[in-house]
Amino acid sequence: MKKTANILTAALLALSLGGCSPAELEFSPNPAVHPAGEELTVWFATDPHYLSPELTDRSEPFLTMVSRGDGKTAHYSPEIVAALLEQAREEQPDVLILGGDLTFNGERQSHQELAEQLTELEAAGVPVLVIPGNHDLNNPMAYCYRGDTAEPAESVTGAEFRQLYANFGYADSITHDESSFSYAYALAEDLWLVAVDANSEEHPGWVKDSTLQWLDETLARAEEEGAAVITFTHQNTLRHNGLFPYGYTILNNQSVQDVLLKHGVGLNLTGHIHLQHIGTLEGLREVTTSSLAIVENHVGRVTIQPDRSAVYETFSADVQGYAQRQGLKDENLLNFSAYSRDYFVRYSLRGVAEGVAGLGLTPEQQEQMAEVAQEMNCLYFTGRLSGTKEELLATSGGTLWRQQFRQNRMGEYLEYLAATCVRDENALELAPLWLKGY
């Protein structure tokens, strides 16, 4: 059974979006809750960084700016998102969750277009839930790119975001936090999906005290009603890379952990770090699905059994298949798996040249080392390094890195990857997701 879409009207999207408060929204809990014990499929995609085609002519200066990022193929974000939504229409998961950083840099035009596309997906029978990321609200980096110029573009406020995306979880929640974009959505009579927002305008990066109280009360209510729970956040509650101490976890992540552990939450879905990784804290498993905009274009699929045990696994948005079906002529899109991988290898690991320079090595040796470093980094971000790291480190370039691990920051980074990548991060089996007390 699929949710009947609460379709955003053209009039809503044409509004000025001027400061609508939560109390002014019309709330109507999901009318198509699945029966208890029904098998369910949840898709989780995050960090698409959608940029409206109206805001860029894909000029060389724009492409150069994008290439100086972290390996995101943001210049193809419209096609990547379209491919994901086409797959969702075809395969009909029971819900699609988008875990934040919905837009490139919070452009209003990008938000409006994405909301229109999500409305169409809901009309096709797939419920959608969203949460904002740190790029999505009040972003001073929102620009329109034309030729060699970048002109400021309008962003959105928190209230505007809430209004624009109201029908994607918030307005059809069974309970919501009025001071953030946090809410609980009943996917089934015995399964709730709980969004925990850390991107309020008052305390960006933090989960506010009032939100923590709401979360505590919501999870207690889920226990009382015998509901299994999956939570989702944009920023991480656990630290997924020991060398990245700041900027990826929720700033008061330990307070969030305390609430989740208190109630026995077993799975938190998250993004933000763009890394495919599984973290563990006591009984909590936190899965960071890598950015939809980077190599492999991951989507997390959670298949939930009648006893509420679950399996998490990734699959790729089929961008090149979408391009072929649409009759597109861009060779990059028609060969997107190879293109996005080559792009990430080339641009994601900035500083690799400096990392191998000054070591008294020949140009050939430096090239060998750079190739190993780039390949290890690519496999790390896709969650697949564990199966190939020994082979890579046995090559000429890898042997040189083993000798240089402690000589510079790049060597320290690769040594960390070699030491910590011990499993495939793309699959996880989960015990039943009931909370404590049930």
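Going through (1) at pLDDT below 95; (2) touching a strand residue (DSSP E or B) at 6+ places or on another chain (Cβ under 9 Å); (3) polar (S, T, N, Q) one by one, Q366 falls short only on (2). On the given criteria, is R308 basic (K, R), assigned to a loop (DSSP other than H, G, I, E, B) and at positive phi? Answer is yes for this residue.
When the stretch 242-259 is filtered for residues that are within 13 Å of A198 (Cα to Cα) and either of a type outside the set (S, T, N, Q) or assigned to a loop (DSSP other than H, G, I, E, B) (or both), the ones remaining, listed by number, are G247, Y248, I250, L251, N252, V256.
Every test in (1) under 22 Å from the mean Cα position of the chain (by Cα); (2) more than 30 Å from E223 (Cα to Cα) is passed by L433 save one, and that test is (2).
Only helices (runs of 4 or more DSSP H) whose full extent lies in the stretch 317-399 are considered here, and the ones with at least 2 residues that are of a type in the set (D, E) are 363-381, 389-393. In the stretch 295-344, the qualifying residues are those that are hydroxyl-bearing (S, T, Y) and buried (at least 19 other Cβ atoms within 10 Å of the Cβ), and the one that is nearest to V229 (Cα to Cα) is Y312. Pairs linking a residue in the stretch 107-121 that is modelled with pLDDT of 95 or more to a residue that is assigned to a helix (DSSP H, G or I) and of a type in the set (D, E, K, R), with Cβ atoms under 9 Å and 6 or more positions apart or on different chains, are R108/E160; Q109/E54; S110/E54; H111/E160; E113/E54; E120/R89; L121/R89.
Yes or no: Y347 surrounded by fewer than 21 Cβ atoms within 10 Å (Cβ to Cβ), hydroxyl-bearing (S, T, Y), touching a Leu at 6+ places or on another chain (Cβ under 8 Å) and over 30 Å from P432 (Cβ atoms)?
Numbers: surrounded by fewer than 21 Cβ atoms within 10 Å (Cβ to Cβ): yes; hydroxyl-bearing (S, T, Y): yes; touching a Leu at 6+ places or on another chain (Cβ under 8 Å): no; over 30 Å from P432 (Cβ atoms): yes.
Spelling it out, it is not the case that Y347 is surrounded by fewer than 21 Cβ atoms within 10 Å (Cβ to Cβ), hydroxyl-bearing (S, T, Y), touching a Leu at 6+ places or on another chain (Cβ under 8 Å) and over 30 Å from P432 (Cβ atoms).
Taking the condition assigned by TED's automatic domain parsing to the domain that holds H272, in contact with a Lys or Arg (Cβ under 7 Å, 6 or more places away or on another chain) and either modelled with pLDDT of 95 or more or at positive phi (or both), does L215 pass? Spelling it out, it is not the case that L215 is assigned by TED's automatic domain parsing to the domain that holds H272, in contact with a Lys or Arg (Cβ under 7 Å, 6 or more places away or on another chain) and either modelled with pLDDT of 95 or more or at positive phi (or both). Only one entry in R239, R301, R221, R285 is over 20 Å from V95 (Cα atoms), modelled with pLDDT of 95 or more and assigned to a strand (DSSP E or B), namely R285.
Any residue at all in the stretch 182-195 that's surrounded by fewer than 17 Cβ atoms within 10 Å (Cβ to Cβ), over 16 Å from G99 (Cα atoms) and of a type outside the set (D, E)? Checking the stretch 182-195: not a single residue is surrounded by fewer than 17 Cβ atoms within 10 Å (Cβ to Cβ), over 16 Å from G99 (Cα atoms) and of a type outside the set (D, E). Would a scan of the stretch 260-274 turn up a residue that is farther than 26 Å from L40 by Cβ, touching a Leu at 6+ places or on another chain (Cβ under 9 Å) and not in a strand (DSSP E or B)? Taking every residue of the stretch 260-274 in turn, none turns out to be farther than 26 Å from L40 by Cβ, touching a Leu at 6+ places or on another chain (Cβ under 9 Å) and not in a strand (DSSP E or B).
Which residues, counting only those in the stretch 110-139, are over 18 Å from I80 (Cβ atoms) and in contact with a Gly (Cβ under 9 Å, 6 or more places away or on another chain)? Of everything in the stretch 110-139, those that are over 18 Å from I80 (Cβ atoms) and in contact with a Gly (Cβ under 9 Å, 6 or more places away or on another chain) turn out to be P127, L129, I131, P132, N134, L137, N138, N139. Output the number of residues of the stretch 413-437 satisfying the condition of being loosely packed, with under 15 Cβ neighbours inside 10 Å and farther than 20 Å from G387 by Cα. Selection size over the stretch 413-437: 4.
The values are calculated or read from the model by the stated rules, or taken from the named source; none is laboratory data. Given the structure is predicted, the values throughout are model-derived calculations rather than measurements. Cβ sites come from the backbone with ideal geometry, for glycine too, and all protein chains shown count toward neighbours.
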